[in-house]
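See below for the structure under consideration.
The values are calculated or read from the model by the stated rules, or taken from the named source; none is laboratory data. Quantities reported herein were computed from a predicted structural model and do not represent experimental measurements. Neighbour counts run over all protein chains shown; Cβ positions are idealised from the backbone, glycine included. Remember, those area values only see protein heavy atoms, side chains included, never the ligands or the DNA or RNA. Shrake-Rupley method; radii C 1.70, N 1.55, O 1.52, S 1.80 Å.
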Amino acid sequence: MKEIYSRKEAAKVAGVSPRTILRAIHARQLDAVKIGEGKTCSYMISREAVAEYVHRRGCR
């Protein structure tokens, strides 16, 4: 299993859309590391952070 997910991969694991993951990151509900600036930035999200997010939301 991967240790670090992209936003799209985290969304698939959590069973939500990538946009929902982005909203959760901005709302500080999901820990992530931002790589880059502006519209071309991406996020690195740990497996533990995704598992915590899923547990808190009651997803899946």
- Where does helix 47-57 land angle-wise versus the long Cα axis of the chain, in degrees 0 to 90, nearest 10? 60
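What trypsin sites (Lys or Arg not before Pro) does segment 13-42 have in DSSP loop regions with at most 13 other beta carbons within 10 Å?
Working: sites: 19, 23, 28, 34, 39; in loops: 28.
Here the sparse-neighbourhood loop sites are 28.
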- Task: Quote the charge dipole size of the chain about the Cα centre in Debye, to the nearest 20; the model charges only the Cβ of Lys and Arg (+1) and of Asp and Glu (-1).
- Result: 280
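How large a share of the accessible area of the chain, in percent, is made up of carbon and sulfur atoms when the probe is 1.4 Å and the other protein chains stay in place? Display every interim value, and only then the final one.
On the way: 2270 of 4360 Å².
With neighbouring chains kept in place, the figure for the chain is 52 percent.
Mind checking the alpha-carbon convex hull of the chain and giving the volume per residue in Å³? Before the final figure, lay out the partial values.
Numbers: hull volume 4.5 nm³, N = 60.
Looking at the chain, the number lands at 76 Å³ per residue.
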- State, as an integer percentage, the relative contact order of the chain based on alpha-carbon contacts under 8 Å between residues 6 or more apart. 39
